[in-house]
Amino acid sequence: MNRTESKARDDGGALLEVRGLTVTFGTPRGDVDVVRDLSFTVDRRQTLGIVGESGSGKSMTSLAVMGLLPKGATASGSIRLDGVEILGKSDAALRKLRGNSMAMVFQDPLSSLNPYYTVGLQITEAYRAHHNVSRKAARAVAIEALDRVRIKDPHLRIDHYPHQFSGGMRQRIMIAIALCCEPDLVIADEPTTALDVTVQAQILELMADLQAETGTGMIFITHDLAVVSQVAQDVVVMNGGVQVEAGSTEQIFSAPQHDYTRALLAAIPRLDDDLEELKMVGDFRTGATR
Ligand SMILES: Nc1ncnc2c1ncn2[C@@H]1O[C@H](COP(=O)(O)OP(=O)(O)O)[C@@H](O)[C@H]1O
Ligand SMILES: [Mg+2]
């Protein structure tokens, strides 16, 4: 495998360009836009953080990009991957892109991994879905993939089952699966939310390292602005399905323009905070209706 050769044409154009994305659910009481007129760009070698409270439309945004929206939801607007419009592509065409050109890491590795198969089989299946190679060759790729996410003794661990790994190690395996086909774009949707803080810090460090090594464009979704500051160069802040503000991570942290962003910043717990003093974002909002 040639890791320096990207599948995407590096012609200066954006890797992912989302314009006016709206995601609508048809409900008995009419249509509801859960994402409205959202626009952002992800460049190669860039990590974009999308941050917002639970229910702000982060997951629906990522599922729309992946072509994985649940039944009842429709997307409109434009999603261009490497210059090609992918919104409205057929299921077959999207399946070809998923895993190969774009891959996703979800919050809960336990529900994404199959407990009955070894992790090695699950990585090789993901690889062989897009590459016509022998089991033996795919096994070598899987060992390399485990090694890349810093799992020790990958040649032994490859034959272990998911329950033989800790939560943090399982998330490493999900990252290995996402990266095995060297996608141009990785979307990580709250990948560390289910992990304790020490393990979370290790996974964040790993993702930042891998992003620097592979040059993959990445969208990192989280409700936690502190997490974003560790991995993302640029941030989109979402609330109620719309963009509240966007800018470089530095700008957002040093000079937030919007009350909602300031509230998210103030909700970041500090070591010297008393537990009783930990605040919810809603506490900071005036006239909040939700
Ligand atoms: N099947 C559904 N039908 C109607 N609304 C839904 C459905 N699934 C999710 N939603 C709504 O879409 C909104 C955005 O959800 P989501 O993107 O999952 O938020 P986030 O990932 O930011 O927590 C939420 O308000 C949620 O209630
Ligand atoms: Mg979500």
> Amide H of D234: which non-local residues (sequence gap of 5 or more, or other chain) have their own amide H closer than 5 Å, using H built in the peptide plane?
Replying inline: T47, G49, T249
> By average Cβ neighbour count within 10 Å, what is the ranking of 88-97, 155-164 from highest down?
Replying inline: 155-164, 88-97
> What ³J(HN,Hα) values, in whole Hz, does the Karplus curve 6.51 cos²θ - 1.76 cosθ + 1.60 give for the range 183-199 when θ = phi - 60°, with x put for Gly and Pro?
Replying inline: x, 7, 10, 10, 10, 10, 9, 6, x, 10, 5, 8, 9, 6, 4, 5, 5
> Quick one: Cα convex hull volume of the range 115-197, Å³ per residue?
Replying inline: 99
> Rounded, prolate or oblate: which fits the range 51-109 when a ≥ b ≥ c are the square roots of the eigenvalues of the alpha-carbon gyration tensor, with rounded for a/c under 1.5 and prolate only if a/b beats b/c?
Replying inline: prolate
> Å³ per residue of the Cα convex hull, for the range 50-184?
Replying inline: 134
>> Could you compute how fast the range 127-279 diffuses translationally, taking Rh as the Kirkwood radius over C-alpha pairs and applying Stokes-Einstein at 37 °C with viscosity 0.692 mPa s? Give it in µm² per second.
In response: 188
> Put +1 on the Cβ of each Lys and Arg and -1 on the Cβ of each Asp and Glu in the range 16-284; which of L16, H258, S90 then has its Cα farthest toward the positive end of the dipole?
Replying inline: S90
> Tell me, what is the Rg over Rh of the range 199-272, with Rh the Kirkwood radius over Cα pairs?
Replying inline: 0.98
> Computed over the Cα atoms, what is the radius of gyration of the range 106-155 divided by 2.2 N^0.38 Å, N being its residue count?
Replying inline: 1.16
> Using +1 on the beta carbon of Lys and Arg, -1 on that of Asp and Glu, and nothing else charged, what's the dipole of the range 138-272 about the Cα centre, debye to 20?
Replying inline: 360
>> Give me the percent of accessible area attributable to carbon and sulfur for the chain, probe 1.4 angstrom.
In response: 50
> Looking at the chain, how many pairs of lysines come closer than 26 Å at the Cα, when each pair is eight or more places apart or spans two chains?
Replying inline: 11
> Residues of the range 1-142: accessible area per residue at 1.4 Å, in Å²?
Replying inline: 53
>> Explain nothing, just the number: dipole magnitude of the chain about its Cα centre with +1 on each Lys and Arg Cβ and -1 on each Asp and Glu Cβ, in debye rounded to the nearest 20.
In response: 1200
> Whole-Å semi-axes of the chain's equivalent ellipsoid, largest first, each the root of 5 times a Cα gyration tensor eigenvalue?
Replying inline: 31, 24, 18
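The values are calculated or read from the model by the stated rules, or taken from the named source; none is laboratory data. Keep in mind the model is a prediction, meaning the values are calculated, not measured. Glycine also receives a Cβ, built like all others from the backbone with ideal geometry; neighbour counts cover every protein chain displayed. In case anyone asks, the SASA skips ligands and DNA or RNA and just uses the protein heavy atoms, side chains included. Shrake-Rupley method; radii C 1.70, N 1.55, O 1.52, S 1.80 Å.
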